[in-house]
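Report on the following structure.
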Amino acid sequence: QVRVVESGGGLLQPGGSLRLSCAASGRSLVVNSMGWYRQAPGRQRELVSRISRIGGTNYADSVKGRFTLSRDNAQNTMSLQMNSLKPEDTSIYYCNLNLPGGEYWGRGTQVTVSA
């Protein structure tokens, strides 16, 4: 059984920073790529950033230069550092894992950016 838990969401003002974390647990877990997606009300879920097992990253154009994704393979954790947050970053953020046996999602963590 694979468990995926996100943490770090919250409410903050524009220009602020937040760090999201994702922790994966399970027996003999081997995680390939990991990523963050987000979904705002009335909109489709969209990719924020992904990271390969060897650390290669890609970012949505809307977050390039503001967000930084990293991972710790030994701990099966991933962190998303979000700086210069904007109201349009308000969404539920979901952790996604790609494992040999399939794809897994967390339940999401809410990020709200508002003055």
Got a number for residues in the stretch 50-108 being in contact (Cβ under 8 Å) with a residue 24 or more places away in the chain, over 17 Å from V4 (Cα atoms), assigned to a strand (DSSP E or B) and open to solvent by 30 Å² or more (accessible area, probe 1.4 Å)? 1
Suppose we keep only residues that are in a strand (DSSP E or B) and touching a Phe, Trp or Tyr at 6+ places or on another chain (Cβ under 8 Å) within the stretch 1-34. Which one would you say is farthest from I92 (Cα to Cα)? A24
Against the condition out of contact with any Gly (no Cβ under 7 Å at 6 or more places or on another chain) and in a strand (DSSP E or B), how does Y37 come out, does it pass? yes
Any chance L47 is open to solvent by 60 Å² or more (accessible area, probe 1.4 Å), at pLDDT 95 or above, among the hydrophobic types (A, V, I, L, M, F, W, C) and not in a loop (DSSP other than H, G, I, E, B): no
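The values are calculated or read from the model by the stated rules, or taken from the named source; none is laboratory data. Bear in mind that the values here come from a model prediction, so they are computed numbers and not experimental data. Quick reminder, even Gly has a Cβ in these numbers, built from the backbone with ideal geometry, and neighbours come from all protein chains shown. Side chains are part of the model used for accessible areas, which takes the heavy atoms of the whole protein and leaves out ligands, DNA and RNA. Shrake-Rupley method; radii C 1.70, N 1.55, O 1.52, S 1.80 Å.
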